[in-house]
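The values are calculated or read from the model by the stated rules, or taken from the named source; none is laboratory data. Just so you know, these numbers come straight off a predicted model, no measurement behind them. Using ideal geometry, Cβ is built from the backbone for each residue, glycine included, and neighbour counts are taken over all protein chains shown. Each accessible area value is taken on the protein alone, full model and side chains, heavy atoms only, with ligands, DNA and RNA left out. Shrake-Rupley method; radii C 1.70, N 1.55, O 1.52, S 1.80 Å.
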Amino acid sequence: MDLNLPVPRVALAIPAHPDDAEFGCGGTFAKWAAAGCRIHHLVCTDGSKGTWDPKQDVAELVTVRQDEQRAASHALGGAGDVVFLGWPDGELDAGVRQRWQVAYWIRRLRPDVVLGHDPWRRYRLHPDHRAAGFLLTDAVVAARDPHFFPEQGEPPHRPGVVLLWEAEEPDHVEDITAHFDAKIEALLAHRSQYRSTMRIEDAASGEEVAAFRRRVAEWAADQGANAGVALAERFKAITQV
Ligand SMILES: [Zn+2]
């Protein structure tokens with residue numbers, strides 16, 4: 001298990017939905033942002049399926065989740081861009097149009113490290129997580145070579161490292177022990193997800209929030225166990241980009 005990349009200058013997370021990046025790399029982003037890294041989010045879908053309430057106004061939910069994602073980036077210490085591609089939640093394709101968009105943002109933001117879903121994770125049910133993973137890896141290839149999408153008018157860009165969270169074969173650990181609070185704060189910025197994702201029925205219930213925090217802490221302890229790190233986020237690192 002490799003431990004801790006050098007702090008990058010620029011990092012870009014490419015989650016399928018608002019909140020995925022905070023679960024996958026929130027602690028890593030908080031740590032890097034505190035050390036001067038510019039952290040960006042590129043969210044593939046509009047998050048419009050993210051509720052258990054059949055009466056929810058979907059257009060309103062999309063706006064709310066965008067605000068929450070910006071607040072989460074802020075909680076991580078980010079002053080970078082939060083970009084929404086706006087594809088319908090649950091229907092994300094890793095097609096050429098989507099690849100064009102993601103490659104454009106990689107060329108434009110020029111991240112040293114790109115982070116996202118591992119598309120090769122077995123038995124993964126959510127189609128958007130799979131699609132977002134393939135979209136990321138396909139777009140990294142397109143962004144680095146000049147004959148892909150030359151009409152974009154942006155120079156090619158080759159990130160140094162790709163980190164995939166929820167990895168099938170993790171081989172890299174980031175120590176987030178000192179930045180765990182920021183990860184929790186960023187996750188809690190996604191208030192619309194309290195009920196469906198965080199098992200928080202009543203936002204005023206300190207007990208439910210504490211239980212959520214404990215569950216995330218147990219997960220982070222497990223992620224760091226093999227590396228001798230108290231609280232961690234674990235990834236597959238692709239260094240041959
Ligand atoms: Zn998701």
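Of all residues in segment 123-160, count the ones that are farther than 17 Å from V241 by Cβ, open to solvent by less than 40 Å² (accessible area, probe 1.4 Å) and touching a strand residue (DSSP E or B) at 6+ places or on another chain (Cβ under 9 Å).
Total satisfying the criteria: 5.
Would you mind finding the one in F23, F29 that is within 16 Å of the ligand (Cβ to nearest atom), out of contact with any Pro (no Cβ under 8 Å at 6 or more places or on another chain) and either in a helix (DSSP H, G or I) or open to solvent by 30 Å² or more (accessible area, probe 1.4 Å) (or both)?
That would be F23, the only listed residue that is within 16 Å of the ligand (Cβ to nearest atom), out of contact with any Pro (no Cβ under 8 Å at 6 or more places or on another chain) and either in a helix (DSSP H, G or I) or open to solvent by 30 Å² or more (accessible area, probe 1.4 Å) (or both).
Look at segment 215-236 and say how many of its residues are in contact with a helix residue (DSSP H, G or I) (Cβ under 9 Å, 6 or more places away or on another chain) and of a type in the set (S, T, N, Q).
The number of residues fulfilling the criteria is 0.
For segment 39-66, how many residues meet the condition of being surrounded by fewer than 19 Cβ atoms within 10 Å (Cβ to Cβ) and either under 12 Å from the mean Cα position of the chain (by Cα) or under 25 Å from E233 (Cα atoms) (or both)?
So the answer is 1.
Could you say whether any residue in segment 47-59 is closer than 20 Å to V113 by Cα, in contact (Cβ under 8 Å) with a residue 12 or more places away in the chain and within 16 Å of the ligand (Cβ to nearest atom)?
No, that holds for no residue.
Spot the failing condition for G86; the list is (1) assigned to a strand (DSSP E or B); (2) closer than 30 Å to D222 by Cα; (3) not charged (D, E, K, R), and only one is missed.
(2)
Of H74, H41, H117, which residue is touching a His at 6+ places or on another chain (Cβ under 6 Å) and not polar (S, T, N, Q)?
On inspection, the qualifying residue turns out to be H117.
Is it fair to say R214 is surrounded by fewer than 17 Cβ atoms within 10 Å (Cβ to Cβ), at pLDDT 95 or above, in a helix (DSSP H, G or I) and out of contact with any strand residue (DSSP E or B) (no Cβ under 8 Å at 6 or more places or on another chain)?
Yes.
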